[in-house]
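Beneath this line is the structure, given in structure tokens, with notes to follow.
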Amino acid sequence: MSRKMIDCRAVPNEVGCTLTIAGEEEEVLDAAVDHAIAKHGHAPDPDLREQLRGALQDAEVALA
Ligand SMILES: [Zn+2]
């Protein structure tokens with residue numbers, strides 16, 4: 001399985017967050033959901049995980 005990443009800079013956010021989370025897809029999504037709720041002020045709605053899945057990119061070589 002290839003590693004994936006979410007780069008907060010690639011998604012609209014009001015908090016100026018520059019975090020990148022990389023790992024296996026489900027690991028990234030687990031962390032990203034917690035992060036989005038804790039730091040980006042997202043409501044913990046059931047669609048959040050699928051929205052974040054749509055923002056996944058292949059991990060950059062430096063992070064793989
Ligand atoms: Zn962030």
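Scanning the range 17-36 for residues that are of a type in the set (A, V, I, L, M, F, W, C) and open to solvent by less than 60 Å² (accessible area, probe 1.4 Å) returns Cys17, Ile21, Ala22, Val28, Leu29, Ala31, Ala32, Val33, Ala36. Residues that are of a type in the set (Lys, Arg) and over 13 Å from Cys8 (Cα atoms) within the range 31-52 comprise just one, Arg49.
Residue-wise test of (1) within 10 Å of the ligand (Cβ to nearest atom); (2) charged (D, E, K, R).
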site: Lys4; (1), (2): no, yes
site: Asn13; (1), (2): yes, no
site: Glu25; (1), (2): no, yes
site: Val28; (1), (2): no, no
site: Ile37; (1), (2): no, no
site: Gly41; (1), (2): no, no
site: Pro46; (1), (2): no, no
site: Asp58; (1), (2): no, yes
site: Val61; (1), (2): no, no
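Among the numbered conditions (1) buried (at least 16 other Cβ atoms within 10 Å of the Cβ); (2) modelled with pLDDT under 95; (3) more than 15 Å from Gly54 (Cα to Cα), the only one that Asp7 does not meet is (3). Answer yes or no as to whether Leu52 is open to solvent by 70 Å² or more (accessible area, probe 1.4 Å) and in contact with a helix residue (DSSP H, G or I) (Cβ under 8 Å, 6 or more places away or on another chain). So Leu52 does not fit the description; no.
The values are calculated or read from the model by the stated rules, or taken from the named source; none is laboratory data. All figures in this text were calculated on a predicted structure; none of them were measured in a lab. So basically every Cβ, Gly included, is an ideal-geometry build from the backbone, and we count neighbours across all protein chains shown. Calculation scope for accessible area: heavy atoms of the full protein, side chains included, ligands and nucleic acids excluded. Shrake-Rupley method; radii C 1.70, N 1.55, O 1.52, S 1.80 Å.
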